[in-house]
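**Q** I have a structure here, written as structure tokens, and I will follow up with some questions on it.
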Amino acid sequence: MIPVNMPLMGKEEINAVTKVLKTGVLTGRLGSGPMAKQFEDNFARFAGARHAIAANSGTAALHMSLWAKDIKVGDEVILPSFTFIATAEAVALVGAKPVFVDIKPNTYNIDSEKIGPAITGKTRAIMPVDLYGLPAEMDKIREIADKRNLLVVEDAAQAHGASYRGKPPGHFADVACWSLYASKNMTTGEGGMITTDNDEYAEKLRLLRSHGEKEEYKAALLGHNYRMPEIEAAIGIEQLKKLPTFVEKRRRNAEALTEKLSDVKKLALPTEPTGCKSSWYLYTVRIQKGNLKDRDAVVQDLRKRSVGAAVYYHTPIHLMPYYRQHESYHLPETEKAAEQVFSLPVHPGLKAAEVSYVVKAVKQVMR
Ligand SMILES: Cc1ncc(COP(=O)(O)O)c(C=O)c1O
């Protein structure tokens, strides 16, 4: 099976982990240990942000970002339903109400024009997601947020290496949350990162990450244990060095797929709107005029041919039981996309022959 994604680890990561194990310093009791601190500094530089705060998952990063701003019961947060569950979970975990907004059919990202009508007196934040690695319309979202004094939390979990109007994820947001999960463009196994330019916000996030403690056993406020272990940070430092090469390879694979699949008329291929550069976390195609049965049959058929095609995401969040219980939403573009999309391998471990094999298999299946 050619997997849809896979981590690429080398001797650099193995040596870095061994070194940490030999020091015996496995974590930083009050936040980040020396490796995590180094990783944060390097990541902040990469993201062009004043601060980077390492966490033990992207979900933790999202949760803390809302929590640190005291978003709570009675508040509303606007987000897309066509995303990984963690985006909505963060809202639900602070007790706020997730308000789902439909997507644009060509980018699969939140439709900025539909955000305005969803804003109420209770709205506190907007959480755009850079789905599949393609940045959301961040300048327009910033403008909407500024008019209404709302926080912008960018879910950049899939967007390492993407850019919008020449700027990295987070530039137009108050805060960006990144995942370092095993499938991502760079990984620490599990892990997350928050970037922000706001000093006060960063300080609060650092406190929340480690039980609200500035001094050991003296919690100044309610917190959690969201610290990144030193072994993970050591892997992250090495992965971050390799990220530009990884992303470049993803881009080359994506370009090859697009060139070779352009004559498959039944498929809508992914595109980058002007000013947007994808991180190519996923190469997601859409069966035009297809339904769920057609799509699932194509994915099954591809998998039988050893192409690890996969669907992100089968079920929009507003249709999941926990989120459906309080309110129903009419999100036609989201529901249509969930029935028609599937993703093909585009990761940097793919060899040219494998790209050609994927194309051949898709053409056979879509005939
Ligand atoms: C869009 C999106 N948001 C949030 C997350 C959560 O990140 P993590 O798995 O590191 O908790 C992920 C990754 O899995 C994701 O893809």
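Yes/no per residue for (1) within 16 Å of the ligand (Cβ to nearest atom); (2) open to solvent by 20 Å² or more (accessible area, probe 1.4 Å); (3) without any contact (Cβ under 8 Å) to a residue 12 or more places away in the chain; (4) part of a helix (DSSP H, G or I):
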position	(1), (2), (3), (4)
VAL152	yes, no, no, no
ALA159	yes, no, no, no
PRO169	yes, no, no, no
ALA173	yes, no, no, no
ALA176	yes, no, no, no
SER183	yes, yes, no, no
LEU221	no, yes, no, no
GLU232	yes, yes, no, yes
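**Q** If you don't mind, another one. Report yes if GLY192 is touching a strand residue (DSSP E or B) at 6+ places or on another chain (Cβ under 6 Å) and either surrounded by fewer than 17 Cβ atoms within 10 Å (Cβ to Cβ) or farther than 23 Å from ASP155 by Cβ (or both), otherwise no.
**A** no
**Q** Listed residues GLU76, GLU89; which is open to solvent by 10 Å² or more (accessible area, probe 1.4 Å), within 30 Å of VAL311 (Cβ to Cβ) and within 18 Å of the chain's Cα centre (by Cα)?
**A** GLU89
**Q** Could you check, for the range 323-336, whether at least one of its residues is polar (S, T, N, Q), buried (at least 21 other Cβ atoms within 10 Å of the Cβ) and in a helix (DSSP H, G or I)?
**A** yes
**Q** Can you list residue pairs whose Cβ atoms sit under 6 Å apart, with the first residue in the range 270-296 being more than 21 Å from PHE84 (Cβ to Cβ) and among the small types (Gly, Ala, Ser) and the second being at pLDDT 95 or above and assigned to a helix (DSSP H, G or I)? Count only pairs 6 or more apart in sequence or on different chains.
**A** Correct list of pairs: GLY290/GLN340.
**Q** Considering only residues of the range 124-134 that are more than 11 Å from the ligand (Cβ to nearest atom) and open to solvent by less than 10 Å² (accessible area, probe 1.4 Å), which is farthest from SER278 (Cα to Cα)?
**A** The extreme case among them is ALA125.
**Q** Going through the range 298-322 one residue at a time, which ones are open to solvent by 80 Å² or more (accessible area, probe 1.4 Å) and either closer than 30 Å to HIS347 by Cβ or among the charged types (D, E, K, R) (or both)?
**A** Scanning the range 298-322 gives GLN300, ARG303, LYS304, HIS314.
**Q** Sticking with this one: Among (1) away from the ligand (no atom under 16 Å from the Cβ); (2) of a type in the set (Ser, Thr, Tyr); (3) buried (at least 24 other Cβ atoms within 10 Å of the Cβ), there is one condition THR23 misses while meeting the rest; what is its number?
**A** Condition (3) is where THR23 drops out.
**Q** Looking at the range 129-142, I want the residues that are farther than 15 Å from TYR108 by Cα and aromatic (Phe, Trp, Tyr) and have a partner that is away from the ligand (no atom under 15 Å from the Cβ) and part of a helix (DSSP H, G or I) with Cβ atoms under 7 Å, at least 6 apart or on another chain. Which pairs are those?
**A** none
**Q** Also: Is it true that some residue in the range 109-132 is touching a Ser or Thr at 6+ places or on another chain (Cβ under 8 Å) and either among the small types (Gly, Ala, Ser) or modelled with pLDDT under 95 (or both)?
**A** No: zero hits.
**Q** Cβ-Cβ below 8 Å, separation at least six or inter-chain, first residue in the range 187-204 and more than 9 Å from the ligand (Cβ to nearest atom), second open to solvent by 10 Å² or more (accessible area, probe 1.4 Å) and among the acidic types (Asp, Glu): which pairs?
**A** Note: pairs meeting the criteria are THR188/GLU232; GLY189/GLU232; THR196/ASP174; ASN198/ASP174; TYR201/ASP174.
**Q** Going by what's in this entry, would TYR217 be described as of a type in the set (Ser, Thr, Tyr), farther than 19 Å from THR87 by Cα and exposed (fewer than 15 other Cβ atoms within 10 Å of the Cβ)?
**A** The answer is yes for TYR217.
The values are calculated or read from the model by the stated rules, or taken from the named source; none is laboratory data. Remember, it's a predicted structure, so these values are computed and weren't measured experimentally. Reconstructed Cβ throughout: ideal geometry from the backbone, glycine too, with neighbour counts over all protein chains shown. These area figures cover heavy atoms from the full protein model, side chains too; ligands, DNA and RNA do not enter into them. Shrake-Rupley method; radii C 1.70, N 1.55, O 1.52, S 1.80 Å.
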